[in-house]
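Only one structure is covered here, and it is reproduced in the block below.
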């Protein structure tokens with residue numbers, strides 16, 4: 001039986017459409033999952049959406065729709081983008097799934113019954129975007145330590161999880177399992193900044209909003225995100241709070257890797273392990289906190305107007321070019337930078353010049369000189385042996401880097417081979433060998449060696465650029481290639497296909513003008529659409545009726561809330577003809 005590998009991403013919050021920085025994580029996870037399958041693992045790759053919380057309730061209310069309608073729309077958009085990026089997840093979960101909700105209620109009750117959850121009152125500084133309470137000492141310059149936004153005092157009755165009870169056990173686990181938090185810098189941060197100063201018990205229910213899973217034995221409370229969202233990793237795998245776990249759960253749990261952003265490492269390496277300890281379940285083998293993909297002027301933000309979306313980039317450059325960029329440009333443990341210019345420079349230098357040009361001219365020369373026939377290699381020279389050695393070493397290098405989650409380095413290994421193959425073309429000069437009086441036997445050897453290097457490189461590119469790999473296989477006349485195929489030299493096909501451009505060079509100044517014009521047109525369209533939106537509850541009239549309207553300026557003397565009403569204000573005004581009183585339904589604005 002194949003060794004199992006259970007890989008999860010953080011579940012995307014359904015507040016809004018994910019940008020390319022959010023999308024990076026699912027592409028990274030997909031590359032890992034695809035490579036693990038190439039290694040022969042039995043992979044279960046889970047992703048999905050986190051759909052409860054105050055922020056979602058407020059967004060839905062502002063849009064005049066139900067929270068369920070809101071999350072249905074955003075979850076559909078997230079899944080569309082994950083599919084657009086050609087990701088091969090095995091399960092896309094949603095926390096509004098009735099099965100998950102029932103299990104969360106059981107988990108909450110189990111923890112309560114065994115004394116790990118208790119009822120109390122919370123008072124502190126609350127960050128609405130993060131939906132988190134903080135003490136004054138935890139704030140940074142008086143603001144939220146996670147997102148840097150404003151906080152406000154809040155107080156409410158809540159249930160708490162005894163995080164402090166498991167602090168010592170957690171610290172021992174982290175020390176005894178050095179691979180548990182990765183990269184190591186994240187581990188040091190968790191121990192020194194959070195565990196050693198002392199863990200406070202964790203608020204796990206809320207009463208100030210109702211868009212969440214109800215605490216079934218105390219209806220005024222909803223289960224908070226820490227138990228609801230984090231438990232998705234076990235509920236959808238078949239965990240049963242009553243102990244009747246599915247065979248799938250017994251097979252796949254514990255997870256081999258929780259792949260998450262560096263900003264939520266604390267939740268996954270402190271809160272989540274303690275919850276699992278309380279449930280008596282094994283802890284995940286590794287939590288990997290990856291860095292961010294940011295703009296040159298900092299983290300992507302709608303308020304900054306510097307947000308890039310995956311589908312827009314795909315429209316401009318194609319799926320595999322976007323996948324290549326985000327996987328290659330983020331180093332192992334530090335943030336990567338993205339911009340239109342950087343993407344185009346990388347496409348031109350790596351994908352068009354190094355990869356595309358090598359494939360195109362090799363296939364073209366095989367067609368030109370041998371009618372597309374792939375002829376066997378002849379006597380090897382020292383140059384041939386050097387190239388062959390590099391080719392045969394590449395798969396092991398890629399495998400070592402992938403096992404260490406050094407994704408960009410693994411891609412560099414492949415492009416080292418492609419660069420050497422391009423140099424080999426210059427050194428052997430096949431266009432001279434192909435002349436009527438040239439050495440055609442030598443030419444056959446050169447082209448054979450080039451096709452083998454291309455085949456090995458394409459096989460290893462499959463996890464990162466799957467569509468491109470398939471196109472290359474078709475052009476060089478081979479079927480799908482495995483990892484073991486990439487470790488052998490001498491598995492070429494018999495006939496190449498038609499040469500096709502994999503990646504065209506981009507005229508960067510011209511493309512930037514096109515992008516600028518398109519973005520300006522999109523912004524104008526959005527502004528026009530916004531102006532044309534009809535305000536709910538207000539009728540419109542034509543110009544003839546408007547001409548009949550008598551407009552008069554008035555002075556507002558007072559404006560007070562109408563008792564027992566959330567929407568109405570009582571206004572006293574003086575319109576020049578005496579004082580009048582009226583009601584206005586604008587309180588919520």
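Are any residues in the stretch 26-49 free of Cβ contacts under 8 Å to residues at least 60 places away in the same chain and closer than 16 Å to residue 234 by Cα, and if so, which ones?
43, 45, 47, 49, listed by residue number.
Identify all residues within the stretch 400-459 that are surrounded by 15 or more Cβ atoms within 10 Å (Cβ to Cβ), out of contact with any helix residue (DSSP H, G or I) (no Cβ under 8 Å at 6 or more places or on another chain) and farther than 18 Å from residue 358 by Cβ; write none if there are none.
Scanning the stretch 400-459 gives a single hit, 406.
Name the strands (runs of 3 or more DSSP E) wholly within the stretch 483-589 that hold at least 3 residues that are at pLDDT below 85? Walk me through how you get there before you give the answer.
Working: elements: 555-561, 569-574, 579-584.
Strands (runs of 3 or more DSSP E) meeting the threshold: 569-574, 579-584.
Which is in contact with a strand residue (DSSP E or B) (Cβ under 9 Å, 6 or more places away or on another chain), surrounded by fewer than 21 Cβ atoms within 10 Å (Cβ to Cβ) and not in a helix (DSSP H, G or I), of 2, 16?
Result of the check over 2, 16: 2.
Regarding residue 230, is this residue surrounded by 19 or more Cβ atoms within 10 Å (Cβ to Cβ) and farther than 30 Å from residue 90 by Cβ?
No.
Residues of the stretch 203-239 being more than 24 Å from residue 46 (Cβ to Cβ) and in a loop (DSSP other than H, G, I, E, B), which ones?
207, 208, 209, 210, 215, 216, 217, 218, 219, 220, 221
Filter the stretch 129-157 down to the residues that are farther than 21 Å from residue 13 by Cβ and surrounded by 13 or more Cβ atoms within 10 Å (Cβ to Cβ) and list them by number.
138, 139, 156, 157
I need the full set of residues from the stretch 293-330 which are in contact with a helix residue (DSSP H, G or I) (Cβ under 6 Å, 6 or more places away or on another chain) and either assigned to a strand (DSSP E or B) or closer than 20 Å to residue 186 by Cα (or both), in order please.
293 - this is the single residue of the stretch 293-330 that is in contact with a helix residue (DSSP H, G or I) (Cβ under 6 Å, 6 or more places away or on another chain) and either assigned to a strand (DSSP E or B) or closer than 20 Å to residue 186 by Cα (or both).
Can you tell me which of 502, 460 is under 21 Å from residue 346 (Cα atoms), under 32 Å from the mean Cα position of the chain (by Cα) and not assigned by TED's automatic domain parsing to the domain that holds residue 393?
Residue meeting the stated conditions: 502.
Is the stretch 310-318 home to any residue that is crowded, with 20+ Cβ neighbours inside 10 Å and closer than 12 Å to residue 505 by Cα?
Yes - at least one qualifying residue is present in the stretch 310-318.
Every residue, every condition in (1) in contact (Cβ under 8 Å) with a residue 12 or more places away in the chain; (2) surrounded by 19 or more Cβ atoms within 10 Å (Cβ to Cβ); (3) within 22 Å of residue 17 (Cα to Cα); (4) out of contact with any strand residue (DSSP E or B) (no Cβ under 9 Å at 6 or more places or on another chain), yes or no:
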| site | (1), (2), (3), (4) |
| --- | --- |
| 71 | yes, yes, yes, no |
| 76 | no, no, yes, yes |
| 88 | yes, no, yes, no |
| 114 | yes, no, no, yes |
| 117 | yes, yes, no, no |
| 121 | yes, no, no, no |
| 127 | yes, yes, yes, no |
| 172 | no, no, no, yes |
| 182 | yes, yes, no, no |
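Which residues, taken from the stretch 249-264, are in a helix (DSSP H, G or I) and touching a residue at least 40 places away in the same chain (Cβ under 8 Å)?
Selection gives 251, 252, 262, 263, 264.
Is the stretch 462-478 home to any residue that is in a helix (DSSP H, G or I), out of contact with any strand residue (DSSP E or B) (no Cβ under 6 Å at 6 or more places or on another chain), closer than 16 Å to residue 377 by Cβ and at pLDDT 95 or above? Working first, answer last.
Residues of the stretch 462-478 that are in a helix (DSSP H, G or I), as a first pass: 466-476.
Filter once more, so that each one left must be out of contact with any strand residue (DSSP E or B) (no Cβ under 6 Å at 6 or more places or on another chain): 466-476.
From what is left, the residues that are closer than 16 Å to residue 377 by Cβ are 476.
With the extra rule that they be at pLDDT 95 or above, the set shrinks to 476.
Yes, the stretch 462-478 contains a residue that is in a helix (DSSP H, G or I), out of contact with any strand residue (DSSP E or B) (no Cβ under 6 Å at 6 or more places or on another chain), closer than 16 Å to residue 377 by Cβ and at pLDDT 95 or above.
The values are calculated or read from the model by the stated rules, or taken from the named source; none is laboratory data. Bear in mind that the values here come from a model prediction, so they are computed numbers and not experimental data. Backbone-built Cβ (ideal geometry, glycine too); neighbour counts: all protein chains shown.
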